[in-house]
1. Could you tell me whether residue 76 is at pLDDT 95 or above, touching a strand residue (DSSP E or B) at 6+ places or on another chain (Cβ under 6 Å) and in a loop (DSSP other than H, G, I, E, B)?
2. Tally up the residues in segment 75-93 that are surrounded by fewer than 20 Cβ atoms within 10 Å (Cβ to Cβ) and either in contact (Cβ under 8 Å) with a residue 40 or more places away in the chain or not assigned by TED's automatic domain parsing to the domain that holds residue 121 (or both), please.
3. Tell me, please, whether a residue that is within 13 Å of the chain's Cα centre (by Cα), over 23 Å from residue 31 (Cβ atoms) and free of Cβ contacts under 8 Å to residues at least 60 places away in the same chain can be found in segment 111-119.
4. Looking only at residues in segment 152-165 that are modelled with pLDDT of 95 or more and in a loop (DSSP other than H, G, I, E, B), which one is surrounded by the most Cβ atoms within 10 Å (Cβ to Cβ)?
5. From the list 87, 111, 46, which residue is part of a strand (DSSP E or B) and of a type outside the set (Val, Ile, Thr)?
6. Across segment 120-160, which residue is nearest to the chain's Cα centre (by Cα) among those that are of a type in the set (Lys, Arg) and within 20 Å of residue 76 (Cα to Cα)?
7. For residue 108, work out the one condition from (1) at pLDDT below 95; (2) closer than 28 Å to residue 26 by Cα it doesn't fulfil.
8. Can you find a residue in segment 94-101 that is in the same structural domain as residue 156 (by TED's automatic domain parsing) and either touching a residue at least 40 places away in the same chain (Cβ under 8 Å) or exposed (fewer than 13 other Cβ atoms within 10 Å of the Cβ) (or both)?
Amino acid sequence: MRLTVIFFAFWLLVGSVISPSARAETPKYVTDWAHLLPEGLYDFFPEDMATSLWVDPVFQSKIAEAERKIRPELNKLPIVLPGYMVPLKYKGNMTTEFLLVPSAGQCIHVPPPPINQTIFVSLQQPTRIRTYGEPLIVEGRVLTNGQVTEYAETGYRIDADSIVDFSFDALDERIEQLGGR
């Protein structure tokens, strides 16, 4: 319960920093974790929220409902997204299926991140497993049919075309290429 409170306090903070217009319109492609969040997802949070609200069962059920919401209109859009790998199917130091999460270390704790911030990634060709501190960039198409895994349920999937180690230059290059599509 305590981890849930800390986790959602963090997401409330993140959500208040992200401008509503960043989520309001359907993008031509997905390049930011905020694009995966439906508009108004946490609008039920009061501005002057009391600490006692975090333990209120009705408020907790609203949070649980909100974390299950995705954006169906993103289905089949091109995606270039940085994140961290949680390997699922692997042989030696190679993987063909993993979870992509926005922050290092997510999914190795309970509770896992919300389904709209957890993506199941599948690859045709294996890629090197990255440790929880090695960010990467996934490029492909986002699908809005999630996946249930042993670690977490996801709201999205990516059939990945490429996986590269993270660098700001690599990310910028791939995002610029999307603009030309």
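The values are calculated or read from the model by the stated rules, or taken from the named source; none is laboratory data. In this text, all values refer to a predicted model and were calculated from it rather than measured experimentally. Cβ coordinates were reconstructed from backbone atoms using ideal geometry, including for glycine residues, and neighbour counts include every protein chain displayed.
1. Yes, satisfied.
2. We begin by selecting, within segment 75-93, every residue surrounded by fewer than 20 Cβ atoms within 10 Å (Cβ to Cβ); these are 75-78, 87-93.
When the remaining residues are screened for being either in contact (Cβ under 8 Å) with a residue 40 or more places away in the chain or not assigned by TED's automatic domain parsing to the domain that holds residue 121 (or both), the result is 75-78, 87-88.
Count: 6.
3. First pass over segment 111-119, keeping only residues within 13 Å of the chain's Cα centre (by Cα): 112-119.
Checking which are over 23 Å from residue 31 (Cβ atoms) leaves us with 112.
Checking the rest, the ones that are also free of Cβ contacts under 8 Å to residues at least 60 places away in the same chain come to 112.
Taking every residue of segment 111-119 in turn, at least one turns out to be within 13 Å of the chain's Cα centre (by Cα), over 23 Å from residue 31 (Cβ atoms) and free of Cβ contacts under 8 Å to residues at least 60 places away in the same chain.
4. Among those residues, the one meeting the criterion is 154.
5. 87
6. 157
7. Looking at each condition in turn, residue 108 falls short on (2).
8. For segment 94-101, residues in the same structural domain as residue 156 (by TED's automatic domain parsing) and either touching a residue at least 40 places away in the same chain (Cβ under 8 Å) or exposed (fewer than 13 other Cβ atoms within 10 Å of the Cβ) (or both): present.
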